[in-house]
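For reference, the structure is listed below as structure tokens.
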Amino acid sequence: MNQPIIQIKDFKKMYGDFTAVDGISFDVQPGEIFALLGPNGAGKTSTLESLEGLRAPSGGSLTVAGFDPAKHPRQLRNVIGVQLQSSGLPDSITPDEAMKFFSAYHKVKPRFDLLDRLGLQEKRKTQFCQLSTGQQRRLSLALAVAHDPQVLFLDEPTAGLDVATRVELHDLMRELKAAGSTIILATHDMAEAEELSDRIAILLNGMLATVGTPLEITATGKQLTKVSVRTTDNSLTKHNSSLPAVSQHATKEDYDIYYSDDIGATIAAIIDHIQSEQDTLIDLRVERPSLEDRFLEITAKGVK
């Protein structure tokens, strides 16, 4: 495995007597899309801002692309891109002017094509204060990626965006990953995190509740798997069959719906029953617990 591009070891952040982050440790590999999840107040923002060099840690160590963010802020600026929830751009600046300014700072050619790609082609001469919230966020993203950063920090990147722009942003994130960029994604959108992320860390009350791939995290929960079955003669419904490992059963729109804690045993029994009744299977769907289901389970249980 490659050397981690981000290393967090026993990281702690305090504000007076309040502990926002309490000794968390994890690594991020080059080229990963790594999601940082947690409810409000979990410590996500403090972690991100410390990785971005905006705050100094109270304990432990952080490195980003080999740099200590607190000790090497100038070198860090050349290897990271940051899209914050609020950009802090002057009200009178235009997207073209902002792109020229940020590109000059990083000593790269202005990427006006990014403005066009993110739907700002008609707004390039419009003052920032006259842009919609979604347009402002698209501009912030274009500025964050204009210098091809090694590590890109995205804080709620799709909040306020329409569906088409969300899809464009997701495609851009995949392209950046394919080109070797590492992306740290902080989001409340569980479907977005589950779809895009290679790995996920969930913070709760300043501590690390779990870290792993979306499949690893959803597989370790106690949520039941949903199995929906439709047949030609509705033999399952007619006979009200009891099936192994099933704790709940319902019917909806000609479907029998089962909630199972052992889908192998349940599905095998379903197929056996359909065949024994000489019925015909039309549709069988298995829906594992989603990341949102697992997230709610973790946050309800807390960190031990």
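Observations
- Considering only the chain, percent of DSSP beta bridges that pair antiparallel, nearest 5: 70
- Both radii are taken from the alpha-carbon atoms of the stretch 1-126; with Rh as the Kirkwood radius, Rg/Rh is 1.03.
- Residues Tyr258, Tyr15, Tyr105 in ascending order of nearby Cβ atoms (within 10 Å, fewest first): Tyr15, Tyr105, Tyr258.
- Descending Cα extents along the principal axes, the stretch 151-304, whole Å: 58, 40, 27
- A cut-off under 9 angstrom between Cβ atoms defines the neighbours of Lys222, and their net charge, with Lys, Arg +1 and Asp, Glu -1, is -2.
- Mean-square fluctuations from a GNM of the chain, with a 10 angstrom spring cutoff on Cα atoms, peak among Leu89, Leu176, Leu120 at Leu89.
- The stretch 144-204 shape via C-alpha gyration tensor axes, a/c threshold 1.5: oblate
- Among the listed pairs Lys252/Lys301; Lys226/Lys301; Lys13/Lys100; Lys13/Lys109, those with a Cα-Cα distance over 29 Å are Lys252/Lys301; Lys13/Lys100; Lys13/Lys109.
- Hydrodynamic radius (Kirkwood) for the chain, which is based on Cα pairs only, to one decimal in Å: 21.9
- Between Ser228 and Asp96, residue separation times 0.36 nm minus the direct Cα-Cα distance comes to 42.3 nm.
A short reminder: the numbers here are calculations on the coordinates, not readings from a lab. These figures come from a predicted structure and were not determined experimentally. All Cβ positions, even for glycine, are placed from backbone atoms using ideal geometry, and neighbour counts span all protein chains on display.
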